[in-house]
1. Of the residues in the range 287-303, how many are under 21 Å from Thr189 (Cα atoms), in a loop (DSSP other than H, G, I, E, B) and not polar (S, T, N, Q)?
2. Within the range 137-145, can one find any residue that is part of a loop (DSSP other than H, G, I, E, B) and not acidic (Asp, Glu)?
3. Output the number of the condition that Gly281 fails; it satisfies all remaining conditions of (1) out of contact with any helix residue (DSSP H, G or I) (no Cβ under 7 Å at 6 or more places or on another chain); (2) in contact (Cβ under 8 Å) with a residue 40 or more places away in the chain.
4. Could you tell me which numbered condition Thr382 fails, if it satisfies all but one of (1) open to solvent by 40 Å² or more (accessible area, probe 1.4 Å); (2) at pLDDT below 95?
5. Within the range 89-111, which residues are open to solvent by less than 50 Å² (accessible area, probe 1.4 Å), small (Gly, Ala, Ser) and either modelled with pLDDT under 80 or in a loop (DSSP other than H, G, I, E, B) (or both)?
6. With Asp239, Asp271 as the choices, which residue is at pLDDT 95 or above, surrounded by fewer than 24 Cβ atoms within 10 Å (Cβ to Cβ), among the acidic types (Asp, Glu) and farther than 20 Å from Pro94 by Cβ?
7. Of the residues Ala432, Ala448, only one is small (Gly, Ala, Ser) and farther than 30 Å from Met225 by Cα; which?
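The values are calculated or read from the model by the stated rules, or taken from the named source; none is laboratory data. Given the structure is predicted, the values throughout are model-derived calculations rather than measurements. In this analysis, Cβ positions are derived from the backbone assuming ideal geometry, glycine residues included, and neighbour counts consider all displayed protein chains. With ligands, DNA and RNA removed, areas are computed over all heavy atoms of the protein, side chains included. Shrake-Rupley method; radii C 1.70, N 1.55, O 1.52, S 1.80 Å.
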Amino acid sequence: MKTTRQPLYQRFAEQLRASLENGVLRPGDRLSSVRQAALQHGLSITTVVRAYELLESGGLIESHPQSGYFVRARFAAAVMPAAPEEPGRSMPLPVSAEVDVSRHVLATLKSIHQHDAVPLGSPYPDPLLFPAHRISQYHGSVLRSGGPLGVLDDLPPGHPELIRQIVRRHLETGLSISPDDVVVTVGATEAINLCLQAVAKAGDTIAVESPTFYAMLHAIERLGMRAIEVPTDPRLGMDIAALGKIMQSQPVAACMVMPNFQNPLGFEMPDENKRQLVELGARYNMPIIENGVYNELYFGNVHPSVLKAYDKRGMVLYCSSFSKSLTSAYRIGWTLPGRYRAQVEKLKFLNTLSTSSLPQRAIAAYLTAGGYDRHLRRVRRTLQQRCDIMSAFVGRFFPAGTRITRPSGGYVLWIELPSAIDSMALYRQALAEGITIAPGRLFSTSDAYRSFIRLNYSYNWTPQIEQALRRLSELAAGMLD
């Protein structure tokens, strides 16, 4: 059973909460300065700052410019606020549907790049989390080495040294594979598209989670297939029994899932459920395309298992990339297509011919030099802290009845607003004020998530982010009047 140690800043924040509850700290009291608290408790300044930010986002303390942090004058009503409930298990109709989400997604993604827009709707992590300078150094080093960079060197399955590093990484996280299992792709998006093309054809029905990440729906739409949404729990993931019933009643060509830190729900599917899903796929000879792009962004101390680890027949086609954990600039991904490897490699050649060798070599050089795990530990700590802060803020300021997920990793929150709120209308109002969000309409073939939004918490908690969230809460509340 996995054990997760509570982060140090959370433990310190809990100590301060206890002092508020028992009257040691009273309304109006000034807290120790960040430097003093660090010395008194043997903590780093960063730990103290993040603890104070967490308490402030929860409405327990407030900062006064040039003066420090103070217990809020009316903190009593805010102490230990009840955490918002989570959204319930989805209940989509068990019927397949045509997919038409690309136009909505394209418009939303364009708005994210609007000048000075606050990127709460971005599907990408904060680029400042990545070691861009170090990667660029390796990029330059590869160029200066004078080695060949011709098209023939880029042909599938990919650069041998990068493949070796990918295999080594999987071995370290518990999945035993060989270099012959890997095909390098242009990001996880190409990997997913190639795998789907290898296992299904136009008109086929593909089972997906509900809600599901719109990149999965894009792939289905592009290839002229249909999607059937499967009930999904915000803690446990796809309902395996419900999927089994669907497969008994109608043909399903393949299943596309994101079992770890799913976008937008953020859950980690329990190991037993993963095993059952793979067994169900094997029983019906149904390929399963596993999107593992967020697997490195787990909270806690244990790397999540993957569906591929339970696969005995080569029916799981695993897809991932470095875009969400190392650099999004190069768009380097890969797939482990199992028994479909030959088809995927051929399709890779026919679709895009090759993946550029230079970024493959630069990433391989970075991984060979070491430091990837240290980088990931820092990113995971940062994301969990920012998740806690944004969750507390949403719980405090958003309208009564708002529900939010409890992510186990990744960098997005799925928020269910009161049913009277139209998230597309909220999206348009927020965009007019320079704030982007991802409306629920993007994550389904239906309008089932009309009152839902997805927010990105990966960005540094700045006054601009806080002000944007506060304004978003006001706009949402205004729709209830």
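1. 6
2. Yes, there is a match, as at least one residue in the range 137-145 is part of a loop (DSSP other than H, G, I, E, B) and not acidic (Asp, Glu).
3. Just one mismatch for Gly281, condition (2).
4. Just one mismatch for Thr382, condition (1).
5. Of everything in the range 89-111, those that are open to solvent by less than 50 Å² (accessible area, probe 1.4 Å), small (Gly, Ala, Ser) and either modelled with pLDDT under 80 or in a loop (DSSP other than H, G, I, E, B) (or both) turn out to be Ser90, Ser96, Ser111.
6. Just one listed residue meets the conditions, Asp271.
7. Numbers: Ala448 fails: farther than 30 Å from Met225 by Cα.
Just one listed residue meets the conditions, Ala432.
For every residue, the table says whether it meets (1) open to solvent by 70 Å² or more (accessible area, probe 1.4 Å); (2) at negative phi; (3) not in a helix (DSSP H, G or I).
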{"site": "Phe12", "(1), (2), (3)": "no, yes, no"}
{"site": "Gln15", "(1), (2), (3)": "yes, yes, no"}
{"site": "Ala18", "(1), (2), (3)": "no, yes, no"}
{"site": "Arg26", "(1), (2), (3)": "yes, yes, yes"}
{"site": "Ser32", "(1), (2), (3)": "no, yes, yes"}
{"site": "Ala38", "(1), (2), (3)": "no, yes, no"}
{"site": "Leu43", "(1), (2), (3)": "no, yes, yes"}
{"site": "Leu55", "(1), (2), (3)": "no, yes, no"}
{"site": "Gln66", "(1), (2), (3)": "yes, no, yes"}
